[in-house]
Protein chains: 2
Amino acid sequence: MEQTNLLDEIKNLIQNSDNKELIYRIEELHPADIAEILLDLDEQEQKYLFKLLPHDTAAEVLNEVDGDTFAAILENLTAEKTTEILDEMSLDDVADILGELSESEQTKIIELFDHEDAADIRDLMHYSEDTAGGIMTTEFVSVREDMTISQAIEELRSMESEAETIYYVYVTDYIGTLVGVLSLRDIIMSNPNRLVSEVMQSNVIYVNVHMDQEEVAKAVAKYDLLAIPVVDNETILQGIITVDDILDVIEEEATEDIFRIAGTGEIEYDENDSTASHLWSSVKSRLPWLMITLAGSFVTGAVITGFEGQISQNAALVKFMPALTGMGGNIGTQSSTLTVRGIATGRINSKEISKNLFREGLVGIFIGAICGIATSLVAGLAFGQPQLGPVVGFSMAANMLTASTIGTLAPLIFKNIGIDPAVASAPFISTTIDITGNIIYFTLVKLMTGI
Amino acid sequence: MEQTNLLDEIKNLIQNSDNKELIYRIEELHPADIAEILLDLDEQEQKYLFKLLPHDTAAEVLNEVDGDTFAAILENLTAEKTTEILDEMSLDDVADILGELSESEQTKIIELFDHEDAADIRDLMHYSEDTAGGIMTTEFVSVREDMTISQAIEELRSMESEAETIYYVYVTDYIGTLVGVLSLRDIIMSNPNRLVSEVMQSNVIYVNVHMDQEEVAKAVAKYDLLAIPVVDNETILQGIITVDDILDVIEEEATEDIFRIAGTGEIEYDENDSTASHLWSSVKSRLPWLMITLAGSFVTGAVITGFEGQISQNAALVKFMPALTGMGGNIGTQSSTLTVRGIATGRINSKEISKNLFREGLVGIFIGAICGIATSLVAGLAFGQPQLGPVVGFSMAANMLTASTIGTLAPLIFKNIGIDPAVASAPFISTTIDITGNIIYFTLVKLMTGI
């Protein structure tokens, strides 16, 4: 509510070109809030407002917007002003945003940086987006192990302004190999004449530049770090990843897992997309899953064809099919979701297959028995099919046991043979459960009632 | 692999009481890794190893284990040793772990603290676990606005050892109201004779003690903070929340959302639970959802009863039911998952119902048309039912459009009337889509083929 009023106020002030009041209102806001407002303005208003921002705020705001807005805003600033603003941004953020732009736009912007920074940005853009290299920044604080503490402090003073974080000071040898870490407190508390190598902690936790971002996030969370150093295959320090980027990674990976469990790919959409591009990205990410499921459901249909004789004899059999396959699907999804998420958060060890299977099997038998009794009562009493009651109930229990077993086993097997359990589980499990459910049902009907 | 070997080695060293080698091996490890090993040992081994740890490491290790292990380890240490270790832990962590213990165990441990800390721990235990108060620590660094910078530095020196983080120094007035924030850098760079109130930034982002932890996490992520101050209703500073706790919150909330989407409650289990308690907590969290779905599927069954005449006439109708309801369920789950997650991450604004609905409707029509054509071809060619081809295809398209609309609309409506969309969506959507799907199918069959 407040946000909307503020937006209207700012639109009005822009309309009236009341720069003094605009600057006064904007000064009070956090760059993240200014970025939110900016995204709700039209392009003319965006440019107007942006020109009023001081360089450091402008840089922080740019860091929060998407690539298209970024390019649009910078478009008609002077090269000089653009350079001043970009210099305030951290290089990894610049590289990330440039990744969203066309090659010609990229070149235009990279040319505004000095030679060294431009090279760093190009390097950063080479790493795959979801690896340690893709999310690290090259602006970090490091000192040499053979410096004295007072030399190290001198070094820090000269670098501090361009470094993204100084909570940890990394220590390298003369060729740049990571050999230790110092906290600011270590530095302040130590005798200035001691050597860095005497004061530093040499047992430093680091990640390789090619490590998957999900693994990096796990390491930072496990060891409660504010930043983690990134090294290449020769343990040469290449950059650092700060905890604010890790927050984004954890959210991103959770979203990815959720979408995969629901049987859809990653969708990169935002509210500002055009309807056509929204449609296209949705169809592209969702259709493959649906076509696999469709193919699976035809297999189920073919299986049912084998039971058409029974259905012709007693059409009442059909009305219990939704309950049987629906409940199978539900308990199967529950089991597979628990397993997939358990694997992702490390609570379930995929090596302990038999223990997990035994436990989920027990849950399946127990819940299946309860649902089976409920089903046979409803079949007998509410649906007036007392002769079908026992067989429907028994089918329900058998089906739920099978479904919970398949739901638990499939992700563990997929994980063990190196397939992402979240991706593989959704269409595979629902189809398998539909097929086994119908076979169990119609076979039991034949055996128990002779239909 | 390495981890397992290390575990075996340590078990061996404990067996042989080789304390010297044990201490040497343990010294190299991070407390988080020691905790992992500890959890894999039996109780005797745990106690043996724990006694060898220095106090500060022991405190960090205790912080990583669950309540039962915590109580078991402390059980037969002397009160003096226990006190020394607990003093090294941060009070919010102590409060969290105590929350898992019985009241008598809680009292026994709280009595080991001095009066002031004991009161703080009791206060922290009063806040609900998933609020700002429940995750904050009371050990923070604050200075008064009327101090000089040099007085503030004196104050910091005296407090630092018990404060959890000194990345930000919070500023209060004489009754404790939060009025500003200083960075360590502000302090180091400023003239020692200036007043804190002149140097501090007065525009400080804070949260209320009762705010939901999910909202706190959003604020920390949005503003890229390392810590956020927590105040009561009178803006009196009560504590701080550091970013390492926020990492846990984000992962916890994502897991909660995933389980809700899959139609199961929160399951708090871990690998060390007994099989009986695992069974009980699983059944308790999953059965309610399954019973609701079962009730829904009986409604679907009752709806199908109305079409039994048609089924008796042509049993081939049945074999397309899994495809129709299965595909409806799938696209419905995709739509609802995208909407639920979009609401959770803030990408979808629940106020823009009509825009989202229009877009997902378009996706439904488009994908429905493709799947409808595929279905009618398969029905006609592979299943040898050319007369059913068009009606099955048409039903598929209509059903997928309906399902994607319901999947998008339901979470948005639930959100707007104040029900958690993730909880409400799963059983409601699958049941509704089953019912509408069957009605659409059999009605179209009647209309188009006269069966």
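A few remarks follow.
- With θ taken as phi - 60° and the Karplus curve 6.51 cos²θ - 1.76 cosθ + 1.60 applied, the whole-hertz 3J(HN,Hα) list for segment A:193-198 is 8, 6, 7, 3, 5, 7 Hz, x standing for glycine and proline.
- Accessible area (Å², 1.4 Å probe, nearest 10) - residue A:91: 10
- Each label point was placed 7 Å from the Cα along the Cα-to-Cβ direction; for residue A:83 and residue A:118 their separation is 1.1 nm.
- For residue B:348, residues with placed amide H under 5 Å, excluding near neighbours: B:343
- Helices that extend 18 Å or more along their long axis by alpha-carbon positions and average at least -0.5 on the Kyte-Doolittle scale are, among the DSSP H runs of chain A, A:243-261, A:275-305, A:321-345, A:353-381, A:389-416, A:421-449.
- Accessible area in square angstrom per residue, the protein assembly as shown, 1.4 angstrom probe: 44
- Applying a DSSP loop filter and a limit of 12 other Cβ atoms within 10 Å to the trypsin sites (Lys or Arg not before Pro) in segment A:302-388 leaves A:351.
- Segment B:43-114: C-alpha gyration tensor shape, a/c 1.5 cut-off, then a/b vs b/c: rounded
- With DNA, RNA and ligands ignored, accessible area of residue B:51 (1.4 Å probe; Å², nearest 10): 110
- Of all DSSP beta bridges in chain B, antiparallel share, percent nearest 5: 75
- Sum of -39500 (n - 2.57) over DSSP H runs of 4+, divided by residues of chain B (222 nm, nearest 500): -21000 deg cm²/dmol
- Gyration tensor verdict on segment B:272-412 (Cα atoms; rounded if a/c is under 1.5, prolate if a/b is larger than b/c, oblate otherwise): oblate
- With a Cα cut-off of under 15 Å and a minimum spacing of 8 residues unless on different chains, the lysine pairs in segment B:2-126 number 7.
- Within segment A:2-126: Cβ-based charge dipole about Cα centre, in debye rounded to nearest 20 (Lys, Arg +1; Asp, Glu -1): 480
- Take the accessible area of chain A alone and of chain B alone, subtract that of the pair, and you get about 9300 Å² summed over both chains, using a 1.4 Å probe.
- Calculated FRET efficiency, residue B:21 to residue B:186, Cβ-Cβ distance, R0 = 45 Å: about 0.40 to the nearest 0.05.
- In summary, the aspartates and glutamates within cross-link reach of residue A:284, defined as a Cα separation below 16 angstrom excluding same-chain residues under 8 places away, comprise A:256, A:266, A:268, A:270, A:273, B:360.
- Peptide A:352-359 - average C-beta neighbours from other chains (10 Å radius): 2
- Spacing of the modelled spin labels on residue A:52 and residue A:12, each 7 Å from Cα toward Cβ, amounts to 1.4 nm.
- FRET efficiency for the residue A:352 to residue A:68 pair, using the beta carbon distance and R₀ = 51 Å, is estimated at 0.60.
- Scaled radius of gyration (Cα, divided by 2.2 N^0.38 Å) that segment B:341-451 gives: 1.25
- Going by accessible surface with a 1.4 Å probe and the largest first, A:325, B:408 read A:325, B:408.
- Amide H partners (placed H, <5 Å) of residue B:143, local residues excluded: B:170, B:171, B:172
- Reachable aspartates and glutamates, given that their alpha-carbon falls under 19 Å from the alpha-carbon of residue A:446 and they are not under 8 places away in the same chain: A:308, A:434
- Stretching residue B:76 away from residue B:382 to a fully extended chain increases their span by 102.9 nm, per 0.36 nm per residue minus the current alpha-carbon distance.
- Expressed as a whole percent, the accessible area of the protein assembly as shown that falls on carbon and sulfur atoms is 53 (1.4 Å probe).
- Solvent-accessible area of residue A:280 with every protein chain in place, 1.4 Å probe, in Å² to the nearest 10: 150
- Counting Cβ atoms of other protein chains within 10 Å of each Cβ in B:370-376 and taking the mean gives 3.
- Taking amide hydrogens as placed 1.01 Å from N in the peptide plane, the amide H of residue A:131 sits under 5 Å from those of A:213, each at least 5 positions away in sequence or on another chain.
- On the beta carbon distance between residue B:130 and residue A:420, with R0 = 25 Å, the FRET formula returns roughly 0.25.
- Look at where the Cα atoms of segment A:360-400 and of segment A:106-130 average out, and the two centres are 64 Å apart.
- Gyration tensor (alpha-carbon) shape descriptor, segment A:55-95, a/c threshold 1.5: oblate
- DSSP assigns beta bridges within the protein assembly as shown; of those with both partners inside it, close to 75 percent run antiparallel.
- Charge dipole magnitude, Cβ of K and R +1, D and E -1 - the protein assembly as shown, Cα centre, debye nearest 20: 6860
The values are calculated or read from the model by the stated rules, or taken from the named source; none is laboratory data. The structure displayed is predicted, hence computed values, not measured ones. Cβ coordinates were reconstructed from backbone atoms using ideal geometry, including for glycine residues, and neighbour counts include every protein chain displayed. Note: areas computed on protein heavy atoms with side chains; ligands, DNA, RNA excluded. Shrake-Rupley method; radii C 1.70, N 1.55, O 1.52, S 1.80 Å.
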